[in-house]
Amino acid sequence: MARFSILSFAALAHPTAAIWSLGSIFEGFQYAQSVSLVKNATQTLSTPFPYDFPALNAANTTGLFPMPQCHSVTIEEATIDQLQQYLSRGNITSQQLVVCYLQRVWQVDEYTNSVLEVNPDTLQIAAQLDAERKAGHVRGPLHGIPFMVKDNIASKDRMQTTAGSWALQGSVVPRDAHVLAKLRDAGALLFGKATLSEWADMRSNNYSEGYSARGGQCRSPYNLTVNPGGSSSGSAAGVAANEFTFALGTETDGSVINPAERNAVVGIKPTVGLTSRAGVIPESTHQDTVGSFAKTVRDATYVLDAIYGLDPRDNYTTSQVGQTPVGGYTRFLSDRHALKNATFGIPWQSFWVYADEEQQNTLLSIIDLLRDAGATIVNGTELPNHETIVSPDGWNWDYGTTRGYPNESEYTYVKVDFYNNIKSYLSELENTNIHSLEDIVAYNYANDGSEGGNPWPLGIPAFYSGQDGFLASLETKGVMDETYWQALKFCHTTTRERGIDAALAMGPNGTKLDALLVPPDVGQTYQIAAQAGYPMITIPAGIDSSSGMPFGLALMQSAWREDALVKWASAIEDLQFASGTPHKRTLPKWFGYLERNIPV
């Protein structure tokens, strides 16, 4: 359950502001438009439907949790541009918008568990941003728009930054993460922290995706009984359920693309080094990146424009010099008419063969739409080393070791990186006794009932293998030996110049392809992009008929080619909605909303 109470909003800097802000919460409620209260002192509820209690006869439909209007305007599925119109016209204020999203959290988050913590200062910040707008100063498209960040992104405020673990509860970060500071500067309104897979899935190799000891089990609003996608689970599921407008997540290997495609939202995973990792609880300096979640490509691109850039605290960001466009990525947004000049590759044997038949058929119907719009489709644009580097049995970040070659495995260097990177991050924290991976491991053992240090049945079922990921990292002691460097070189070479780049060079008559189109529900797709450090974007594409879970269509490109991904993903998205195809983002049907299985 989300960690907040109505009293937390009264704890503002000044008593008068506290009283005024608390009153604004009640003034902002839209219950008067949707329910009636018995006219007596007890204020008992006489008509609980349709907002306050999910109606049984609406189970397994999009109408199970209808979203009330916000001061007579519709914010469900509203884009950032639409919200800005409401704000600029005075239909709503940012404070009122926050209250309406808070009402939505109260309505559905007991089911999705996407929200770990609500910012206790969010109404005060909203009031400041409203005052700026009234004075004629609007910072940009994100001004006054509520968003959440994954709970491994540091915020220098009254919220926690814990990666979902009780071990870091009460620790004090030195500063905002760079990406969060940039969003604040852009006028975006920090609504809270989203749930996640604890320690961003580094701690265990057999676990319940989306679970953390501090946050509990995050669930997808499309089907609450199955894998919601991770590790940025709450960031994606909360956007999907219209609990907040957009979110930040982090990815080492799939943690943006996977939850985005499994929750029918857009996810942008940038090139490693485009967005700073400073202030982000780390895994691997070679693969970590911060990305965005939103309901449209345009919205996700607005966020990308706000967070990318140089940061002296992350030397990887210096690689972007001369690689990024003047004026940002929003100017590359396009529509379906651009597709007549596009050429896309289909790496069928590399990835598509691993998608199930229903997904293949759905995605191929979208490919047919692209052809009809004038795009050229080139089949068989395979990664030259796909038979060696692509696991036939699904996502496996230790596939090199599985084949008998740890010096060809991503996990070989990731577990070494984690040992070193987490020590550096922890060294800047105050008010904590956790200073190393050894301390984290010891804490988990000492708190087995909550943190599941031991494998099940000694620990907890959500961390079925305990903390075997941490133990594997601990065993390395952070030593970057010959095997480490061999594995890093192998993964980079076979996924970059002899991988994605080689496939992109297979256009007609020696030309380069505009993007590779892949099914991201096949985890090997984002695994290869992760090893390369290359960008990827996924857009909603369909719903599985048996599980009710979404899947996406993803585009892959070379380093620093976010411009191409934005251009072509927005064109495809526009075609989806203009064509009338059912294969696009649709609202969740909340299958299994009363079930609470763990693990999922």
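At a 1.4 Å probe, what is the % contribution of carbon and sulfur to the accessible area of the chain?
52
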The aspartates and glutamates whose Cα lies under 20 Å from the Cα of Lys512, excluding any fewer than 8 residues away in the same chain, are Glu382, Glu497, Asp501, Glu562, Asp563
If I model a spin label at Gln69 and Glu438 as a point 7 Å from the Cα along the Cα→Cβ vector, what separation in nanometres do I get? 6.3
Global geometry of region 472-596, whether rounded, prolate or oblate, following the gyration tensor of its Cα atoms and the 1.5 cut on a/c: oblate
Take every DSSP beta bridge with both residues inside the chain and express the antiparallel ones as a percent of the total, to the nearest 5. 65
Within the chain, the cysteines whose Cβ lies no closer than 4.7 Å to any other cysteine Cβ are Cys218, Cys491
Extension gain, Thr586 back to Thr61 (0.36 nm per residue minus Cα-Cα distance, nm): 187.9 nm
Say the cut-off is 20 Å between C-alpha atoms; which of Lys182/Lys415; Lys415/Lys477; Lys150/Lys415; Lys182/Lys423 go over it? Lys182/Lys415; Lys150/Lys415; Lys182/Lys423
Once the dipole of the chain is set up with Lys and Arg at +1 and Asp and Glu at -1 on Cβ about the Cα centre, which of Gly449, Ala373, Thr195 lies farthest towards its positive end? Ala373
Listed values (1) 1.17; (2) 0.93; (3) 1.01, entry calculated as Cα Rg over 2.2 N^0.38 Å: (2)
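Count neighbours as other Cβ atoms within 10 Å of each site's Cβ, and list the chymotrypsin sites (Phe, Trp or Tyr not before Pro) in region 231-310 that are DSSP loop with at most 14 such neighbours. If you can, show how the numbers build up before the last one.
On the way: sites: Phe244, Phe246, Phe293, Tyr302, Tyr308; in loops: Phe244.
Of the chymotrypsin sites (Phe, Trp or Tyr not before Pro), not one in the loops of region 231-310 has a Cβ with at most 14 other Cβ atoms within 10 Å.
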Can you pull the one-decimal nm distance between simple spin-label points at Thr388 and Arg313, each 7 Å off the Cα toward Cβ? 4.0
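For region 354-433, what relative contact order do you get, as a whole percent, if you take Cα pairs closer than 8 Å and at least 6 residues apart?
Reported relative contact order: 15 percent.
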Taking the alpha-carbon centroid of each part, what is the distance from region 567-591 to region 118-141 in angstrom? 32
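Given axes a ≥ b ≥ c from the Cα gyration tensor, I'd like to know whether region 350-406 is rounded (a/c under 1.5), prolate (a/b larger than b/c) or oblate. Show your work: numbers first, answer last.
Values: a/c = 4.54, a/b = 2.22, b/c = 2.05.
Verdict is prolate for region 350-406.
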Given Lys156/Lys584; Lys269/Lys589; Lys193/Lys567, the pairs whose alpha carbons are separated by over 32 Å: Lys156/Lys584
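Let me make sure I get this right: for region 134-252, a, b and c are the square roots of the gyration tensor eigenvalues over alpha carbons, sorted descending. Under 1.5 in a/c it's rounded, otherwise prolate if a/b > b/c, else oblate. Which is it?
Values: a/c = 2.58, a/b = 1.47, b/c = 1.76.
Oblate, because a/c is 1.5 or more while a/b does not exceed b/c.
The values are calculated or read from the model by the stated rules, or taken from the named source; none is laboratory data. Quick caveat, the model's predicted, so the values are computed rather than measured. Neighbour counts are summed over all protein chains in view; Cβ atoms, including those assigned to glycine, are modelled from backbone coordinates with ideal geometry. Remember, those area values only see protein heavy atoms, side chains included, never the ligands or the DNA or RNA. Shrake-Rupley method; radii C 1.70, N 1.55, O 1.52, S 1.80 Å.
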